[in-house]
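Working notes, beginning with the structure itself.
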Amino acid sequence: MRRSARGRRLLAASVLGLGFGAVATIAVLSLLAERPERLYEIVDPPDADVAYFQHDPDLGYAPARSVRAHVRRTNDGRDLYDVTYTIGPDGFRPTPGDSAAPAFVFFGCSFTFGEGVEDDETLPAQFAEALDRPANVLNLGFHGYGPHQMLRLLETDRVAPLVPGGVVHVYYSATSGHARRAAGRVTWDVEGPRYEIDEIDEGDVGEEGDVVYQGPFHAAPVALAMKVLTRFDATNALVDAWLALGEDVARDEERWIAIVARAAKLVREKWKAGFTVVYWGDEEDTLPDRLQARGIEVVRVWDLLGRSNRRRFLIRHDGHPNALANRRIARSLAAEVDEPRPSR
């Protein structure tokens, strides 16, 4: 008999409690071996005492507002990228367009946000440039996000003030790894929104609207301890192992599909808008087929870019899409846009 989600979490919590003493000791011993972190240097406003990543009560974390962050990543002494991320007063990376016009909204992780590329090279920015009409194009992605942040943004109605002209279409960039993120199994997202499949109607798993918000993945004291421990290689590995306790891949995938389906349903209900998953994955990956079986439109990225010479579309030694990939994908998506008929 499969152990319930609550039972698995209670067991995991017990294991964590027993191991905290040992973990704390390792953390002390690891102080001189702090994990190398990518440097997000705030360049505007100058001399600002602000962290790039900030706590967010709905999403777990979000970027600081009204800042420009310079980030440089190297490999063997050579730059992989050296770019600046602008975060607007609304908390999102800006794109060109008319804020009063009908909107095209992009959700997702660093692939949507545009890790490793400049502001005008992101997928949403390139989409705005490719459109042949005025539009309000929003980039609501951020490093490490998954569909649970998208759904929470929709459920809390934080998108509504950003789309006064209504919404034409919503795009969500996804990878197979998002199922683990939505299950709370990643070390950087310990306070993100937790969704569980409604156990009352467990026999109806796979129907729309069957996920329920349960609060953050972990309570504040536990999350704080985990944030400290993940700063060090030795203890980060232990936290990662703890998060994987009781992992059920099939269940995590069911949850991911249900979250995406719930988001698509809300988009249709709120705005009568279209919803498309822009999926990064190999052809043998069955998750897109399962989404399509739920009536969700899926665009496979490698069908657009071609399956040969993939390296030309990815940042070398990094794996994020480069400016060329974003431009090609954006043009393909923009070419499919129908005349906007937004609902307010």
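The values are calculated or read from the model by the stated rules, or taken from the named source; none is laboratory data. Computed from a prediction, not measured in an experiment: that's the story for all the values here. So basically every Cβ, Gly included, is an ideal-geometry build from the backbone, and we count neighbours across all protein chains shown.
Name the residues in region 139-175 that are assigned to a helix (DSSP H, G or I) and among the polar types (S, T, N, Q), would you? The answer is Q149, and nothing else. The set of residues from region 134-170 being hydroxyl-bearing (S, T, Y) and surrounded by fewer than 24 Cβ atoms within 10 Å (Cβ to Cβ) comprises just one member, T156. The requirement of being small (G, A, S), under 15 Å from S173 (Cα atoms), touching a residue at least 24 places away in the same chain (Cβ under 8 Å) and surrounded by 12 or more Cβ atoms within 10 Å (Cβ to Cβ) is not satisfied by G246. Filtered by the rule that a residue be in contact with a His (Cβ under 6 Å, 6 or more places away or on another chain) and either without any contact (Cβ under 8 Å) to a residue 12 or more places away in the chain or of a type outside the set (V, I, T) (or both), region 81-107 gives a lone residue, F104.
The set of residues in region 109-138 being of a type outside the set (D, E, K, R), on the phi < 0 side of the Ramachandran plot and in a loop (DSSP other than H, G, I, E, B) consists of C109, V117, T122, L131, P134, A135.
Looking only at region 242-251, decide whether some residue is within 27 Å of I197 (Cα to Cα) and basic (K, R). Checking region 242-251: at least one residue is within 27 Å of I197 (Cα to Cα) and basic (K, R). Residue count for region 298-316 under the criterion of being more than 18 Å from L287 (Cβ to Cβ) and within 21 Å of the chain's Cα centre (by Cα): the result is 3.
Scanning region 302-340 for residues that are among the β-branched types (V, I, T) and either under 15 Å from V117 (Cβ atoms) or outside any loop (DSSP other than H, G, I, E, B) (or both) yields I315, I329. Could you check, for region 280-297, whether at least one of its residues is surrounded by fewer than 22 Cβ atoms within 10 Å (Cβ to Cβ), in contact (Cβ under 8 Å) with a residue 12 or more places away in the chain and among the hydroxyl-bearing types (S, T, Y)? So far as region 280-297 goes, no, none of its residues is surrounded by fewer than 22 Cβ atoms within 10 Å (Cβ to Cβ), in contact (Cβ under 8 Å) with a residue 12 or more places away in the chain and among the hydroxyl-bearing types (S, T, Y).
Scanning region 160-191 for residues that are among the small types (G, A, S) and either more than 21 Å from T230 (Cα to Cα) or in contact with a helix residue (DSSP H, G or I) (Cβ under 6 Å, 6 or more places away or on another chain) (or both) turns up A160, G165, G166, S173, A174, S176, A179, A182, A183. Within region 262-272, is there a residue that is touching a residue at least 24 places away in the same chain (Cβ under 8 Å), at negative phi and assigned to a loop (DSSP other than H, G, I, E, B)? No, because not a single residue in region 262-272 is touching a residue at least 24 places away in the same chain (Cβ under 8 Å), at negative phi and assigned to a loop (DSSP other than H, G, I, E, B). Looking only at region 256-302, which residues are modelled with pLDDT of 95 or more and among the acidic types (D, E)? Selection gives E269, D289, E297.
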